[in-house]
1. Across region 20-56, which residue is nearest to G71 (Cα to Cα) among those that are of a type in the set (G, A, S) and in a loop (DSSP other than H, G, I, E, B)?
2. Identify, by number, the condition in (1) in contact with a Cys (Cβ under 9 Å, 6 or more places away or on another chain); (2) surrounded by fewer than 22 Cβ atoms within 10 Å (Cβ to Cβ) that V37 doesn't meet.
3. Check whether at least one residue in region 96-112 is under 12 Å from the mean Cα position of the chain (by Cα), under 25 Å from T45 (Cβ atoms) and buried (at least 20 other Cβ atoms within 10 Å of the Cβ), and report yes or no.
4. I'd like to know if region 148-160 contains one or more residues that are touching a Gly at 6+ places or on another chain (Cβ under 6 Å) and either under 30 Å from E103 (Cα atoms) or not aliphatic (A, V, I, L, M) (or both).
5. When V109 is evaluated against the numbered criteria (1) more than 19 Å from S173 (Cα to Cα); (2) part of a strand (DSSP E or B), which criterion, by number, is the only one it fails?
6. Kindly indicate whether I199 is in contact with a His (Cβ under 9 Å, 6 or more places away or on another chain), outside any strand (DSSP E or B) and not polar (S, T, N, Q).
7. Output the number of residues of region 36-53 satisfying the condition of being in contact with an Asp or Glu (Cβ under 8 Å, 6 or more places away or on another chain) and in contact (Cβ under 8 Å) with a residue 40 or more places away in the chain.
8. Among the residues that make up region 70-80, is at least one of them surrounded by 19 or more Cβ atoms within 10 Å (Cβ to Cβ), under 18 Å from F163 (Cβ atoms), without any contact (Cβ under 8 Å) to a residue 40 or more places away in the chain and in contact with a strand residue (DSSP E or B) (Cβ under 7 Å, 6 or more places away or on another chain)?
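The values are calculated or read from the model by the stated rules, or taken from the named source; none is laboratory data. Computed from a predicted model, the values in this text were never measured in an experiment. No Cβ is skipped: glycine too gets one built from the backbone with ideal geometry, and neighbour counts run over all protein chains shown.
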Amino acid sequence: MYRERTVSAVIPCYNEEEGIAHVIESMPDFVDEVVVVDNNSTDRTAEIATKLGARVIHEKRKGYGAAYKAGIPAAKSDIIVTMDGDGTYPVEEIKDLIDYMFEKDLDFVSGCRFPLKNAEAMHFLNKLGNTILTLEMLILYARNIRDSQSGMWCFKSEVYPKFKMTSDGMPFSEELKIEAILAKDVKFDEYHITYHQRIGEVKLNMWADGFENLFFLAKKRFFR
């Protein structure tokens with residue numbers, strides 16, 4: 001519990017046995033529960049997470065969004081914080097995100113990775129892709145967001161049911177931010193975070209996922 005609120009950390013995972021132990025073991029003591037969503041892993045991700053005290057949910061539908069659709073509603077706390085199982089997002093900065101949310105009287109805070117504190121943490125093409133997608137989101141939604149693709153968020157659990165989430169894949173991240181921005185009674189902002197080099201094998205299909213996100217933004221804007 002932190003600031004008189006319970007806190008859940010939700011982590012979607014697909015074959016992250018190399019990183020998930022680091023993430024869970026680094027979790028602050030005030031986090032009340034860790035929910036790991038095992039998305040058809042073929043390694044020891046679920047076993048390791050269970051041994052370290054996490055509540056593991058098995059989601060058979062493939063996809064980043066599908067994992068979150070299973071994990072977020074299952075979380076039992078007042079505040080939900082998300083991150084990946086590869087150690088890229090700063091577990092040590094969860095407190096900072098929650099503090100910012102309360103000090104600014106917000107409902108949803110998205111971690112902004114840019115400018116990168118460690119330039120080597122992200123490949124140049126990934127940086128370029130993020131820039132293009134964030135620019136497209138700015139043009140389509142007229143909102144000055146700095147990192148449309150960030151996967152670390154902190155929000156009050158009560159706001160999630162207000163969002164109309166449709167993506168089961170990587171666009172879930174940008175869609176969640178769009179829903180938070182468009183919701184009239186949800187106060188949204190970004191907070192600058194550290195981004196670390198990943199632990200383990202890269203799963204992102206840069207070109208396929210990039211184009212999927214690109215087209216999804218337009219589809220969401222004109223057919224919402």
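1. Selected residue: A54.
2. All conditions are met except number (2).
3. yes
4. First, the residues of region 148-160 that are touching a Gly at 6+ places or on another chain (Cβ under 6 Å): 150, 152.
The next check asks that each one be either under 30 Å from E103 (Cα atoms) or not aliphatic (A, V, I, L, M) (or both); those that pass are 150, 152.
For region 148-160, residues touching a Gly at 6+ places or on another chain (Cβ under 6 Å) and either under 30 Å from E103 (Cα atoms) or not aliphatic (A, V, I, L, M) (or both): present.
5. Among (1) more than 19 Å from S173 (Cα to Cα); (2) part of a strand (DSSP E or B), V109 violates only (1).
6. Answer is yes for this residue.
7. Going through region 36-53 one residue at a time, the tally reaches 1.
8. In the first step, residues of region 70-80 are kept if they are surrounded by 19 or more Cβ atoms within 10 Å (Cβ to Cβ); the result is 70-72, 75, 77, 79-80.
From what's left, under 18 Å from F163 (Cβ atoms): 70-72, 75, 77, 79-80.
From the residues that got through so far, the ones that are without any contact (Cβ under 8 Å) to a residue 40 or more places away in the chain too are 70.
This time we only want the ones that are in contact with a strand residue (DSSP E or B) (Cβ under 7 Å, 6 or more places away or on another chain), so: 70.
Within region 70-80 (the criterion being surrounded by 19 or more Cβ atoms within 10 Å (Cβ to Cβ), under 18 Å from F163 (Cβ atoms), without any contact (Cβ under 8 Å) to a residue 40 or more places away in the chain and in contact with a strand residue (DSSP E or B) (Cβ under 7 Å, 6 or more places away or on another chain)), the answer is yes, since at least one residue qualifies.
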